[in-house]
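Heads up, the thing below is written out as structure tokens.
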Amino acid sequence: MNPRLIAVMIFVLVTVALVPLVLRLRKGAKPQPVALTTMDLGEGRAIRMTVEPNSQGTLSLHYHITVNDEPKIDHAFFGTLPRTSPPPGFVLHSDIDGGLVGVAQASAPNRIVILHDFENGRSWPRRTVTYKDNDPNHLYPYYEDEDTILSRGDAIFSQLAEANPDQSLELLRTMGMRPLTLPGAQTTTSDDP
């Protein structure tokens, strides 16, 4: 083979391999999620909350469900906080056997932001993603619509509220960026002027 051709091929291969790496390093590698807390629910069940910066200049909060250290739900988005916010604390609400749980932020302990039913795997506000392998023109995933997500949340929440009649629990129903309550912040509802 021609030595010039070999040199050109090596140059192209090195360029194709190194340029994306250099660009990623210049932009800064994507930060790994930082663990906030893990709630041990007994019987090998746990909920772990993580936080990471996002492109909107806020912190994205995610939850992860495990049973006997096996992931059941991984990296499900549940809210945002300003980057200057202190790390939030969380409180747990559950039914009698702990199979149905709701998580609230400690600064708003009756306002549920995560629901999970360990009996049947239903979770909220996790957005289910599906792909259509038989559609060659479809390159992106299909996401559940918000009405489906909200109706699942309402169904799970009604079970949790029924199991905790002595508490005035409410469900944070907003979707999208879902800002969470900050300590000392006033909360408003759609009924407020």
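Tabulated values for the structure
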item: In the range 40-61, the residues that are surrounded by 14 or more Cβ atoms within 10 Å (Cβ to Cβ), at pLDDT 90 or above and farther than 14 Å from L100 by Cα; result: R48, M49, T50
item: Meets criteria (part of a strand (DSSP E or B), in contact (Cβ under 8 Å) with a residue 60 or more places away in the chain and of a type outside the set (G, A, S)) for V113; result: yes
item: Among residues of the range 22-39, those that are at pLDDT 85 or above and over 17 Å from F90 (Cβ atoms), counted; result: 0
item: Top-ranked residue in the range 63-111 [being acidic (D, E) and either at pLDDT below 90 or surrounded by 19 or more Cβ atoms within 10 Å (Cβ to Cβ) (or both); ranked as nearest to I149 (Cα to Cα)]; result: D74
item: Residue tally, condition part of a loop (DSSP other than H, G, I, E, B) and either in contact with a helix residue (DSSP H, G or I) (Cβ under 8 Å, 6 or more places away or on another chain) or among the polar types (S, T, N, Q) (or both), over the range 53-96; result: 8
item: So N54, is it without any contact (Cβ under 8 Å) to a residue 40 or more places away in the chain, among the polar types (S, T, N, Q) and in contact with a strand residue (DSSP E or B) (Cβ under 6 Å, 6 or more places away or on another chain); result: yes
item: Any hit, the range 97-110, residues being part of a loop (DSSP other than H, G, I, E, B), touching a helix residue (DSSP H, G or I) at 6+ places or on another chain (Cβ under 7 Å) and closer than 22 Å to G44 by Cα; result: no
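The values are calculated or read from the model by the stated rules, or taken from the named source; none is laboratory data. As the structure is a computational prediction, the values presented were derived from the model and not from experiment. Positions of Cβ are backbone-derived with ideal geometry, glycine not excepted, and every protein chain shown enters the neighbour counts.
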